[in-house]
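For reference, the structure discussed in these notes is given below.
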Amino acid sequence: MNPGPSLTPAKAGVRAGLLCRCPHCGKGPLFTGFLKVVDRCAACGFDFTRLNTGDGAAIFIMQIAGGIVVFGALFVQVAYNPPIWAMLLAALPLVAGLSLGLMRPGKGVMIALQMRSSPAGGGGRVGEADPTTGPRSGGGGQPLVPTPAVGPLRHPSDGPPPLKGEE
């Protein structure tokens, strides 16, 4: 009997993130606390210190939970017209429960997607860091180059700008 199609590495990483496991190996735990990411995977040694999801997971989860609760409350209000205190009594715990319940899997998926889309997997093993490149999240792996000095900013009350050659 065929056990079914095997998952691609990208899908396996996202699935491991949903299960709060290491997206690199799928075995080690991803969190030490509620949302505190481990420094290194206990199973494969993958370095998570270079990954930073920021508040991305929280933003998506709040949008998802808020959308579900708001549209559900709108439907109930139109269909049954309950008192507002009953709507609040049901909606507030529901949105809090959905937000807290989806936060860890959401952050795990964000970490897995960041690992998948950044060069060299976003983290890596000890000793693989290149000191000449910036952080992988948003830096694109470009070398760090000092920015050129910029002249003073002009304000409209300073008058018209000088003509070319008269500076």
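For region 40-56, 3J(HN,Hα) computed residue by residue from phi via the Karplus equation (6.51, -1.76, 1.60; θ = phi - 60°) reads 9, 5, 5, 8, 10, x, 4, 8, 9, 5, 7, 8, 8, 8, x, 9, x Hz, glycine and proline entered as x.
Close amide-amide hydrogen proximity is noted between Leu51 and no other residue 5 or more places distant or on a separate chain, at a cut-off under 5 Å (H modeled in the peptide plane; Pro and chain starts excluded).
Once you charge only the Cβ atoms, +1 for Lys and Arg and -1 for Asp and Glu, what is the size of the charge dipole of region 1-103 about its Cα centre, to the nearest 20 debye? Each step should come with its number before you reach the end.
Numbers: 7 positive and 3 negative charges, 67 e Å.
About 320 debye.
With protein chains left intact and a 1.4 Å probe, residues in region 1-107 average 65 Å² of accessible area per residue.
Suppose the chain between Ala90 and Phe71 were pulled fully straight at 0.36 nm per residue; how much longer would it get relative to their current alpha carbon spacing? Walk me through the numbers before you get to the answer.
Values: separation 19, 0.36 × 19 = 6.84 nm, distance 1.33 nm.
Net length gain for the segment: 5.5 nm.
Using a probe radius of 1.4 angstrom, the carbon and sulfur fraction of the accessible surface of region 14-111 is 70%.
Sort out for me the Cα centre separation of region 91-116 from region 46-68, rounded to whole Å. Region 91-116 and region 46-68 have Cα centres separated by 7 Å.
Only lysines eight or more places from Lys11 in sequence, or on another chain, were considered; those with a Cα closer than 16 Å are Lys27, Lys107.
Ranked by the mean number of other Cβ atoms within 10 Å of their residues, highest first, the peptides 154-160, 104-110 fall in the order 104-110, 154-160. Across region 1-70, the mean sequence separation of Cα contacts (distance under 8 Å, 6 or more residues apart), normalised by length, yields a relative contact order of 15 percent.
The values are calculated or read from the model by the stated rules, or taken from the named source; none is laboratory data. Please read all numbers here as calculations on a predicted model, not as lab measurements. Positions of Cβ are generated from backbone atoms using ideal geometry, with glycine treated the same way; all protein chains shown enter the neighbour counts. These area figures cover heavy atoms from the full protein model, side chains too; ligands, DNA and RNA do not enter into them. Shrake-Rupley method; radii C 1.70, N 1.55, O 1.52, S 1.80 Å.
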